[in-house]
Amino acid sequence: MTTIGIEDYGFATGSRRFELADLAEHEGIDANKYLVGIGQEAFSVPTFDEDIVTLAASAATTMIDRLSPDARDSIRTLIVATESGIDQSKAAAIYVHELLELGPHVRAFEIKQACYGGTAALATAQGIVARHPDERVLIVATDIARYDPDSSGEATQGGAAVALLISASPRILAFDKAQGLSTEDAMDFWRPNYRTTARVDGRLSIQVYIRQVLSAWDDYSGHGGRPFTDLHTLCYHQPFTKMASKAHLKLARHLESGQTPSDLDAQLAPTFRYNRIVGNSYTASMYVGFLGLIEHADDLAGRALGFVSYGSGAMCEVFSGEVLPTYLKTRHTEATTAMLDARQPVDFATYRELYYGYPNPTDGSAFETPHDTSLPFRLAGIDHDERRYATSA
Ligand code: COA
């Protein structure tokens with residue numbers, strides 16, 4: 001059987017950083033509600049010339065540049081997963097394909113199921129590589145989480161993109177065959193076409209998330225999955241890091257693993273490292289957790305990791321894989337850290353202006369965006385409803 005896994009990856013996030021302590025100050029509440037209660041410290045804020053397309057292309061570009069010409073030509077599928085798409089018809093993948101200068105013979109499309117979309121792309125990629133082991137599939141999970149100002153969701157915003165190169169010559173992680181699935185119809189989080197911000201029933205989403213995780217885990221076990229206690233750690237979808245802690249505790253109790261709450265917290269903590277300061281990146285968030293883990297732990301070779309991918313509405317998939325010894329030479333800790341550290345801090349007024357004042361014309365009017373991003377690609381403007389992208393150079 002062909003071994004399929006992650007060969008390489010890339011990461012990008014918004015160029016500005018907003019502290020949740022400043023949100024708490026604006027609200028006149030104790031900052032520990034955010035720092036401790038939901039387990040978040042800060043979130044990335046996009047500039048006006050950043051969107052899900054520029055984040056996606058910026059996450060993928062360095063990885064593409066590292067490939068040999070033959071390996072680059074073997075990318076015949078590009079899947080962009082997002083739930084904050086910029087067009088109801090045209091796929092963000094087409095714009096990303098153009099910015100990355102991939103060849104014409106590529107299947108490029110967008111995929112959606114709330115925060116689960118990145119994993120839907122991954123499952124699709126594995127099917128393609130299984131049938132064509134000589135091909136590579138580029139998947140990019142990219143999102144900017146937006147909730148109404150002064151709503152309870154405001155603290156759980158953020159944005160990032162993670163690009164993954166899926167192939168039959170993995171260097172970071174080899175996927176197991178077992179996949180656990182669970183779907184139910186729930187109105188815990190959604191965004192009708194006419195809204196730019198999501199609707200969320202936060203309390204319900206916590207309940208549905210946990211219910212779905214247990215159901216998907218049982219299905220994973222029933223399909224030959226690894227025992228819970230064989231997993232070194234698990235990467236959960238993290239709308240806020242405390243959500244992962246809650247689900248992990250419930251799953252451990254469901255499985256009667258015998259671990260204490262502090263053992264379970266310590267097991268997940270390395271996956272929180274980036275999400276605590278990037279915020280919610282919807283489809284990308286579980287993969288941001290994975291990067292935080294592999295970029296800072298040196299003892300993962302040969303260890304099994306679990307993945308718990310949840311998307312409201314609701315769908316959950318549990319899968320697993322084994323970390324390959326070559327991950328130590330393939331990871332990009334310095335690049336990720338540099339990008340996170342380069343974010344400029346913004347005060348409350350600037351954050352609100354960037355987050356809610358961004359140009360979003362509905363009348364075809366034209367505008368140019370100021371050049372503020374520090375990412376390689378930018379949204380240069382919009383004219384007659386057409387988005388114009390450019391390199392930042
Ligand atoms: N110190 C420590 N903890 C504190 C605190 C303080 N001073 N003040 C409050 N807390 C705790 C609360 O006890 C609560 O913890 P618990 O859930 O373990 O009981 C937590 O902080 C959050 O407080 P809560 O009053 O529930 O916050 P909220 O009503 O503002 O809602 C969310 C929080 C996360 C539900 C809300 O931000 C949300 O809905 N976000 C979107 C989530 C989402 O995207 N879901 C869909 C995808 S899964």
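So for the stretch 1-76, taking the charge dipole from beta-carbon charges (+1 Lys/Arg, -1 Asp/Glu), which of Ala31, Ser44, Pro69 sits furthest toward the positive end? Of the candidates, Pro69 comes out farthest on the positive side.
Annotation note: chymotrypsin sites (Phe, Trp or Tyr not before Pro) in the stretch 125-216 located in DSSP loop regions with a Cβ neighbour count of at most 13 within 10 Å are Tyr194.
Among Thr350, Pro133, Tyr194, which residue has its Cα positioned farthest towards the positive end of the charge dipole of the chain, with +1 placed on the Cβ of Lys and Arg, -1 on the Cβ of Asp and Glu, and the dipole taken about the Cα centre? Checked the options; the winner is Pro133. Annotation: the residues Met243, Met187, sorted from fewest to most other C-beta atoms within 10 Å of their own C-beta, follow the order Met187, Met243. When the chain is treated as a Gaussian network with alpha carbon springs shorter than 10 Å, the biggest mean-square fluctuation among Thr197, Thr156, Thr241 belongs to Thr197. Taking a straight line from the alpha carbon of Lys112, these lysines sit under 17 Å away, with near neighbours fewer than eight places off in the same chain left out: Lys90.
Each principal axis of the Cα cloud of the stretch 12-150 was evaluated for its coordinate range; sorted largest first, these ranges are 56, 30, 27 Å.
Antiparallel beta bridges, as assigned by DSSP with both residues in the chain, represent about 75 percent of the total such bridges.
Of the residues Lys112, Lys90, the one with the fewest other Cβ atoms within 10 Å heads the list, and the complete ranking is Lys90, Lys112. Computed from the Kirkwood radius of its Cα pairs, the Stokes-Einstein diffusion coefficient for the stretch 166-247 at 20 °C and 1.002 mPa s stands at 141 µm²/s.
Taking all C-alpha pairs of the stretch 234-393, those more than 22 Å from each other amount to 57 percent. Only Lys, Arg, Asp and Glu carry charge here, each on its Cβ (+1 for the first two, -1 for the last two); on that basis the stretch 226-279 has a dipole of about 240 debye about its Cα centre. For a straight C-alpha distance cut-off of 20 angstrom, the lysines reachable from Lys250 (same-chain residues fewer than eight places away being disregarded) are Lys242. Each of the peptides 140-146, 362-368 was scored by the mean count of other Cβ atoms within 10 Å over its residues; in descending order, highest first, they stand as 140-146, 362-368.
Along the charge dipole of the chain, which of Gly159, Phe175, Met286 sits closest to the positive end, that is, farthest toward it, with unit charges on the beta carbon of Lys, Arg, Asp and Glu (+1, +1, -1, -1)? Going by the Cα projections, it comes out as Phe175. Per-residue extension of 0.36 nm, minus the Cα-Cα distance of Ala21 and Asp148, leaves a gain of 43.9 nm for this segment.
Overall shape of the chain was characterised from the C-alpha gyration tensor. The equivalent ellipsoid obtained from it has semi-axes of 30, 27, 19 Å, in decreasing order. Taking the square roots of 5 times each eigenvalue of the Cα gyration tensor of the stretch 70-199, largest first, gives ellipsoid semi-axes of 29, 18, 13 Å. The calculated Kirkwood hydrodynamic radius for the stretch 300-385 is 17.9 Å, given to one decimal from all distinct C-alpha pairs. If you plug the beta carbon distance of Ser392 and Asp201 into 1/(1 + (r/R0)^6) with R0 = 51 Å, you get a FRET efficiency near 0.85.
Per-residue ellipticity at 222 nm computed for the chain from its helices equals -10000 deg cm²/dmol, with DSSP H segments shorter than 4 residues left out and the rest contributing -39,500 (n - 2.57). Of the GluC sites (Glu not before Pro) in the stretch 1-98, not one is in a loop by DSSP (not H, G, I, E or B) with at most 14 other beta carbons within 10 Å. When His105, His237, His332, His254 are arranged by Cβ crowding within 10 Å, least crowded first, meaning fewest neighbours, the order is His105, His254, His332, His237. Placing +1 on the Cβ of every Lys and Arg and -1 on the Cβ of every Asp and Glu, with nothing else charged, gives the stretch 1-133 a dipole about its Cα centre of roughly 640 debye. Each Lys and Arg Cβ is given +1 and each Asp and Glu Cβ -1; about its Cα centre, the chain then shows a dipole of about 740 debye.
Rule-based calculations on the coordinates, nothing more; no lab input. In this text the structure is predicted, and so the values were computed from the model without any measurement. No Cβ is skipped: glycine too gets one built from the backbone with ideal geometry, and neighbour counts run over all protein chains shown.
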